[in-house]
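For reference, the structure is listed below as structure tokens.
We did not get these values from a lab; they are worked out from the coordinates using the rules stated. Owing to the predicted nature of the structure, the values given are computational and were not obtained by experimental measurement. Because the Cβ atoms are built from the backbone with ideal geometry, glycine has one as well, and the counts that use them run over all protein chains shown.
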Amino acid sequence: MTVMKKYLYRRARVLLLAGFAIALGACSGEDESVTIGLITKQEVNPYWVTMREVAQQTAKDNNVTLLTATGTSDVDVYSQQAALKDMIAKGARGILIAPTSSTALLPDIEAARRQGVLVIAVDTPVEPVDAVDAYFATDNEAAGRLVGQYATVKAQLLDLKPKIAMLDLAPGISSGEARHRGFLKGFGITPGDPAIVAMVDTEGDRELGESRMAEILAEHPDVNIVYTVNEPAALGALAALQDAGADLDRTILVSIDGGCRAIKQAVRPGDIDATAMQFPQNMAREGVRALASALRGGDRPSGYLNTGVELITGDPAPGVKSRDVAFGVRNCWGN
Amino acid sequence: MAEMADDDGPESARIVAVPMRIPFILLVLCFTAWGAAANLTDILVGVFRGIFDMSNFQSSLVQSAYYGAYFLLALPAGFINNRYGYKTGVLVGLGLAAVGGMLFLPASQILEYDMFLLALFFLAAGLSILETSANPFVIAMGAESTGTQRLNLAQAFNPIGANIGVLMGAVFILPALTPEASKVIMSEPELLASQQADLNLVLKPYLGIAVALILIWIAIMFRRFELPNPPAVGGGPAASGNVALRLWNNRHYRYGVMAQFFNVAAQTCIWTFTILYAQDVVGESPENAGWWLQASLIIFLFSRFLMVWLLGVFRPSRLLAVMAAFGVLCCLTAMFSLNLVGLVAVAAASASLSLMFPTIYGMALQGLGDDAKFGSAGLVMAILGGAIMPLVHGVVMDLSSPAMGYVVPGICLALVGAYALFDLRNERSGFVDTGMPAPGGEAS
């Protein structure tokens, strides 16, 4: 009996070790580690912080070594050029870059690609677009169109005779121009329509948004529809409207971005009527996954990936697809 | 196996006599298992809302299925115990709950919300029978004099299970869910694949619970032991027709049942929607939101110890009134402070909940004498509040905002406070302390 017990014990031990070895073998099937880089524009704007954080989490989940670098401002070309060279020297075989210039970085990007490095532009395109392998970004025209559609339906519901103020970005910046174009299409008007009483550049800045809006209101106190290129400009415009004692219930203020500050402080109480949310999370997540997959032998990323846009409002307009403020709070970027 | 009486001996003075240790441990595992299952369900409301893209009202049906089953099975469970004994009751409960856990398997393949509700109904039905049987079973496992201590010891593992349940959700489900933002750009086939992957995440903890329940079932089924203090089996004293009328005419009892209904309602609402509040109002990630629910349960656990001490200092109804007022304050803060302060208030509301179930239980049964045995059933069935009021909370969220939903538990807690004030202002005639321990039948 004792001999039998010992025999069974030995057999059980052998089986256990065999099982352990099989389990170890199963665990060893992890993806090959690859190194990629992410270069953003700056870290003051929470948009870029969110992009970096999601990229880091996605890299961790996908066994990817992620190098990160950032500039000091939206126009800091020099830092991005240095980061590109540094990352290639450190072995990055794929790079995600949000270019601070559509053209100034082209020589460095071309040099990287000649060395076999895959490059995806995120958020902002380069010119020509095929200077990079792929481009992952918000469809800015679609974002503008969504807020334009919302504004026109709301204007009809409020029985307003549209007097539109457009607070744009700056001349020559493609994302701002696409948003502007989209708004006009969504609203159902063309450039030069008499309903547009003012068009100013704000550089997407809150203070400029406020001062330019105050100037517009001084000249056109009857403005009842305000388009803003981004939420800092919208918050500035809102402050000017409040200072001027405008009837916010009969003024439609729309914007584009999806930052947490504006969603919680202005969209939730209804001060900004609607905003088109873009998703830097998707640019980062899809970018890291696409590079990791390609570097492991999968398909090379190519063309344009629309990273999504959703209209966020607490006061939906009939016939215009939108998500509620809770969705906005859950998916906004920043704090 | 026959359940036989044991001779009184030195062993009977112990809380758990040596021969009863293994059976007692098995029942303790039951207490832990139903605590885990109940609070894992709190996480499911938000998870299903995301996976099936539903309204808050629709996702709240999870709690209706769960607590509805608890309510509906309370009386049949009593019948099983009376007719066939506690061990049979425990085995039927474990078996049914395990079937419910296993039903998650086909549900996750069919990808139908209704199938998950059915699985939850079976799971909760089993746990209802299990709970109804396990409480008196534990009491009968030793001398009558140590019954209350034994039950309290076993019940101490219920909140531990509750924390394990939330921990499973926070660790295994919430962090791995498909991010909502990424669904925005998914094609239909990609969405379907993500739905399947997310439902598989839900499946694993429930399968784990089902396997644990089956193992406990086998261990109890084949463990031979003799109860030293067995109940009479095969009938038992039925309540006379006058008892129900007497109880109904007793305002302390009648209002007590109502207060218990609103207490369970408030507790279920607060815990069910903690995760949704953290996400929808404050913008926390799903995994962080899970930790906030975990924090609520820990507050509940520690606060309960504090309340036990305070109940020795203050009159129960006075303490109940104060804590109900605190709970209302927390709900008001949650409604109007749409930030971290509001979220802290939601978590802090668990402190107010911690004393309510046993305190209302004791207050309502105070002075009832033999009628307390029948009256306790009414108090346990007040768990129906957990099935109904989360639906109302969900509707308010859908029609107004996630934060305003907290008006529902706020009103519930105010009504509990009103009961405490009623008790303070209306002295009872013929005070009799029943000495009955409150069961662990609260929604934890």
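General observations
- Backbone amide hydrogens, once placed in the peptide plane, bring A:Leu38 within less than 5 Å of A:Leu67, A:Thr68, A:Ala69, A:Leu96, excluding anything fewer than 5 places away on its chain.
- Under-5 Å amide H pairs with A:Asp257, H placed in peptide plane, nonlocal only: A:Ala276, A:Met277, A:Gln278
- With a threshold of 32 Å on the Cα-Cα distance, the over-threshold entries among A:Lys60/A:Lys321; B:Lys87/B:Lys373; A:Lys41/A:Lys264; A:Lys161/A:Lys264; A:Lys85/A:Lys185; A:Lys41/A:Lys90 are A:Lys60/A:Lys321; A:Lys85/A:Lys185.
- Assigned charges on the beta-carbon of Lys, Arg, Asp, Glu; chain B dipole about Cα centre (debye): 860
- Taking B:Cys412, A:Cys260 and counting other C-beta atoms within 10 Å, the order from fewest to most: A:Cys260, B:Cys412
- Gyration tensor (alpha-carbon) shape descriptor, chain B, a/c threshold 1.5: oblate
- The protein assembly as shown shape via C-alpha gyration tensor axes, a/c threshold 1.5: oblate
- Excluding same-chain neighbours fewer than eight residues apart, the aspartates and glutamates reachable from A:Lys163 by a Cα-Cα span under 20 Å are A:Asp193, A:Asp201, A:Glu210, A:Glu215, A:Glu219, A:Asp222, A:Asp243, A:Asp247, A:Asp249, A:Asp271, A:Asp273.
- In degrees, nearest ten, helix A:280-295 long axis to first principal axis of chain A (Cα): 40
- Of A:Leu241, A:Leu157, A:Leu305, the one that fluctuates the most in a GNM where chain A has Cα springs shorter than 10 Å: A:Leu157
- Shielding by partners for peptide B:400-406, expressed as the average number of C-beta atoms from other protein chains within 10 Å of each residue's C-beta, is 2.
- Within 10 Å of the Cβ of each residue in A:327-333, the mean number of Cβ atoms contributed by other protein chains is 6.
- Inter-label distance, nm, simple model (7 Å from Cα along the C-beta direction), A:Arg261/A:Asp193: 3.1
- Table column - 3J(HN,Hα) (Hz), the stretch B:181-198, Karplus curve with 6.51, -1.76, 1.60, x for Gly and Pro: 4, 6, 5, 4, 10, 8, 7, 4, x, 5, 4, 5, 5, 5, 4, 5, 5, 5
- Taking chain B as a Gaussian network of alpha-carbon nodes connected by springs under 10 Å, the highest mean-square fluctuation of the residues B:Met186, B:Met307, B:Met115 belongs to B:Met186.
- Using the Cβ-Cβ distance between A:Leu157 and B:Ala197 with R0 = 35 Å, the FRET efficiency computed as 1/(1 + (r/R0)^6) comes to roughly 0.30.
- Gyration tensor (alpha-carbon) shape descriptor, the stretch A:65-156, a/c threshold 1.5: prolate
- Inter-chain shielding of A:264-275 (mean C-beta neighbours from other protein chains, 10 Å cut-off): 1
- Going from the fewest other Cβ atoms within 10 Å to the most, the residues B:Glu226, A:Glu286 appear in the order B:Glu226, A:Glu286.
- Rg ratio for chain A: its Cα radius of gyration over 2.2 N^0.38 Å, N being its residue count, equals 1.27.
- FRET efficiency estimate (nearest 0.05) - Cβ-Cβ, B:Asn152 to B:Asn288, R0 41 angstrom: 0.75
- On the beta carbon distance between B:Arg315 and B:Val18, with R0 = 45 Å, the FRET formula returns roughly 0.65.
- Between 0 and 90°, nearest 10: helix B:113-139 axis offset from chain B longest Cα axis: 20
- Once the Cα atoms are used to define both axes, helix B:356-365 deviates from the longest principal axis of chain B by about 40 degrees.
- Backbone HN-Hα couplings from phi across the stretch B:379-392 [Karplus 6.51/-1.76/1.60, Hz, Gly and Pro as x]: 5, 5, 6, 5, 4, 3, x, x, 8, 9, 5, x, 5, 5
- Packing rank of B:80-88, B:375-383, A:140-148, where each peptide gets the mean count of other beta carbons within 10 Å, highest leading: A:140-148, B:375-383, B:80-88
- As a rough footprinting exposure proxy, the listed residues A:Val54, A:Val329, A:Val77 were ranked by other beta carbons within 10 Å of their own, and the order from fewest upward is A:Val77, A:Val329, A:Val54.
- GNM result for chain A, Cα springs below 10 Å: residue of A:Ala69, A:Ala104, A:Ala262 fluctuating most strongly: A:Ala104
- When only alpha carbons of the stretch B:304-345 are considered, Rg and Dmax amount to 12.9, 37 Å.
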